1. Label-point separation (nm) for GLN182 and ALA212, each offset 7 Å from Cα along Cα-to-Cβ?
2. Give the calculated FRET efficiency between GLU29 and VAL55 to the nearest 0.05, with a Förster radius of 45 Å applied to their Cβ-Cβ distance.
3. Within region 196-210, find all residues whose amide N lies under 17 Å from a label point positioned 7 Å from the Cα of ALA96 along Cα-to-beta-carbon.
4. Going by how many other Cβ atoms sit within 10 Å of their own, how do VAL55, VAL80, VAL47 line up, fewest first?
5. Give me the log10 of I(q) over I(0) for region 86-238 at q = 0.11, 0.12, 0.14, 0.21 Å⁻¹, as the Debye formula computes it from C-alpha points; what are the numbers?
6. To the nearest 500 deg cm²/dmol, what mean residue ellipticity at 222 nm is calculated for the chain from DSSP H runs of n ≥ 4 alone, each contributing -39,500 (n - 2.57), summed and divided by the residues?
7. Take the chain, connect every pair of alpha-carbon atoms lying under 10 Å apart with a spring to form a Gaussian network, then pick out the residue of GLY183, GLY156, GLY168 with the largest mean-square fluctuation.
8. Which whole-number percent gives the relative contact order of region 52-208, counting Cα pairs below 8 Å spaced six or more residues apart?
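Quick note: the coordinates plus some simple rules give every number you see, no bench work behind them. In this text the structure is predicted, and so the values were computed from the model without any measurement. Cβ placement follows ideal geometry from the backbone for every residue including glycine, while neighbour counts extend to all protein chains displayed.
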Amino acid sequence: MFLFDLTLETPARNVALDEALLEHAEGSEETWECLRIWESPRPMVVVGRSSQVAVEVDLEACRRREIPVLRRTSGGAAIVAARGCFMYALVLSYRARPELRSLDAAHRFVLESALTALRPLVPGVTRRGTSDLAIDELKFSGNSVRCKRNALLYHGTILYDFDLSLIGELLRMPPRQPDYRQGRRHHAFVTNLPASGAAIREALITAWQPDATTDWPGERLGELVEQRYAKDEWNFQR
């Protein structure tokens, strides 16, 4: 497994890189896996592949704050990312891990690995809903998945020193909610994990043990940005 400790210079390039890494694994003739970790230097909203932007996002607030809205390749609802929100992405190969073709198995494998890594930092963290991590019924991590024929992308957020007020300011209530949320507004539902970004980074690296680095697919990244992530037709298609 390769490690990419890599934050790029624009929101569009950062969101596009996860898809470029997935495509690279999908087209590889050999088993190819990676862990990417990064943190957005500026606020941005990222909606799911099937999200209806106007339903999930307060577009007027985003325009007023000049906060970009982008669409990722995976499912799930809208998120807000900025400093204090640790981002990670795993690209995993079905050749090496055929059991992960089951979505339940994929969620279980990734989230239980993350919990094992994080519990020494914060005892009591748990998995809630389909793909959340929480402390005492308060969510600090949301995750989503994109499956291809030969590989999958599993990526998510870990809030640790985040301005939580941004979530309520920029996002509407999601149209789909896990049962444990019980209709709570954003401010009553999310929290920061009481750990440093450096400690979280080391915990995730320890969990998945990437043992090398390599060149990242820059050419394909540029194509994806030009064709999709820099275009309103992609980001606001619904």
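1. According to this spin-label approximation, the distance is 5.0 nm.
2. So, using R0 = 45 Å, E works out to roughly 0.60.
3. 204-210
4. On the way: VAL55 14, VAL80 26, VAL47 23.
Final ranking by Cβ density, sparse to dense: VAL55, VAL47, VAL80.
5. With no solvent term, the Cα-only Debye profile gives -0.52, -0.63, -0.86, -1.43.
6. The per-residue figure over the chain is -8500 deg cm²/dmol.
7. It is GLY183.
8. Details: 230 pairs, mean separation 49.4, N = 157.
Dividing the mean separation by the residue count of region 52-208 yields 31 percent.
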